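What follows draws every value from the coordinates through simple rules; no lab data is involved. This structure is a prediction, so every number in the text was calculated from the model and none was measured. Glycine gets a Cβ as well: all are built from the backbone with ideal geometry, and neighbour counts include every protein chain shown.
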Amino acid sequence: MNVIKFSSPPQKNKEEHIRFRYLNIIKETDSLKFLSLELDKFLNWKNHIDKLLPRLGSACFAIRSVSCYCDITTIRMIYFAYFHSLLQYGIAFWWNSTERVTVFKLKERAIRLMTGSNVRTSCRPLFPMLGIMTVPCQYIFSLMRFLSRNLELYKFNSTVHNYNTRNRILLHKPSSLLTIYQKGLYYESVGIFNKLPHNIAELISHNKSFLTKLKKVSVRKSRLLNRWIYEWSLRQIKCDSILSLENS
């Protein structure tokens, strides 16, 4: 049995052994696999994405192999079975990793293989044509699905204070100074929900209707939602660039 001790990247902890009363010595490890997610002690998700990329590459090969013999409906089925299922699993956790850029490129490659497009063809019009969400939309949908199914874990501003403000229908964002917490599932889901269009956010108490409408808007790329996603993605990419410069 192994145990993992999470810490910030600059720290270098000595190897330790933890003793329990009725168990043998549990050895400390730098990484372990839990529910098919590769965890490391720094929570940068590099190990998980390194294991994910070859599987996504194999899915791209499967799509390319059948693209000449099958119609687009069958190819979409293969995509959702081999590629989408792998990409969707755990995306709410590893999305903030700086290694995600490679995942973006592989998804664009899969989309171009499905449509027989050139390598330089823009994927922006191909996503709505195929009825497939972009990677940022998948991340947002995954967070909103968690939020709608666990609404009892969240607080609305109206329950925190009695003032009749315009933000009373929004979720209360907890205060935190830790970046690792701000990039977590709970904190990010609050921020994203508070930025959703009002006609979607008001359906949060109706789980099925909320997710159905959000999915349709994400696939069809509503201008309001897509504009916010684009601006939000730019902020994330900017943060990734700053981190890369600091690490170089």
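Note the full-extension length gain between N118 and N44 as 0.36 nm times their separation in residues minus their Cα-Cα distance, in nm to one decimal. Before the final figure, lay out the partial values.
Details: separation 74, 0.36 × 74 = 26.64 nm, distance 3.33 nm.
Extra length from N118 to N44 when fully extended: 23.3 nm.
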- Query: Which ³J(HN,Hα) values in Hz, rounded to whole numbers, follow from the phi angles of the range 42-52 under the Karplus curve 6.51 cos²θ - 1.76 cosθ + 1.60, where θ = phi - 60° and Gly and Pro get x?
  - Reply: 9, 6, 9, 6, 5, 5, 5, 5, 4, 7, 6
- Phi-derived 3J(HN,Hα) across the range 78-85 with the Karplus relation (6.51, -1.76, 1.60, θ = phi - 60°), rounded Hz, x for Gly and Pro, is 5, 4, 5, 7, 9, 9, 4, 4
- Quickly rank 155-162, 101-108 as a protection proxy: mean count of other C-beta atoms within 10 Å, highest first. 101-108, 155-162
- Quick one: Karplus J couplings for the range 104-120, per residue in order, coefficients 6.51, -1.76, 1.60, θ = phi - 60°, nearest Hz, x for Gly and Pro? 4, 5, 5, 5, 4, 4, 5, 5, 5, 5, 5, 9, x, 8, 6, 4, 8
- Note on the structure: By Cβ neighbour count within 10 Å, fewest first, I140, I63 rank I63, I140
- For F156, residues with placed amide H under 5 Å, excluding near neighbours: H172
- Along the Cα-to-C-beta direction of F146, a point sits 7 Å from the Cα; which residues of the range 35-74 have their amide N less than 18 Å from that point? 35-49
- Message: Run the paramagnetic zone check for V101: 7 angstrom along Cα to Cβ, then residues of the range 34-52 with backbone nitrogen under 13 Å.
- Response: none
- Members of K46/K215; K195/K215; K173/K195; K41/K105; K51/K105 lying beyond 23 Å, as alpha-carbon distances in this model show: K46/K215; K41/K105
- Distance from the Cα centre of the range 31-58 to that of the range 168-198, in angstrom? 25
- So for R0 = 30 Å, FRET eff. of F61-K195 from the Cβ-Cβ r, to 0.05, ends up at 0.20
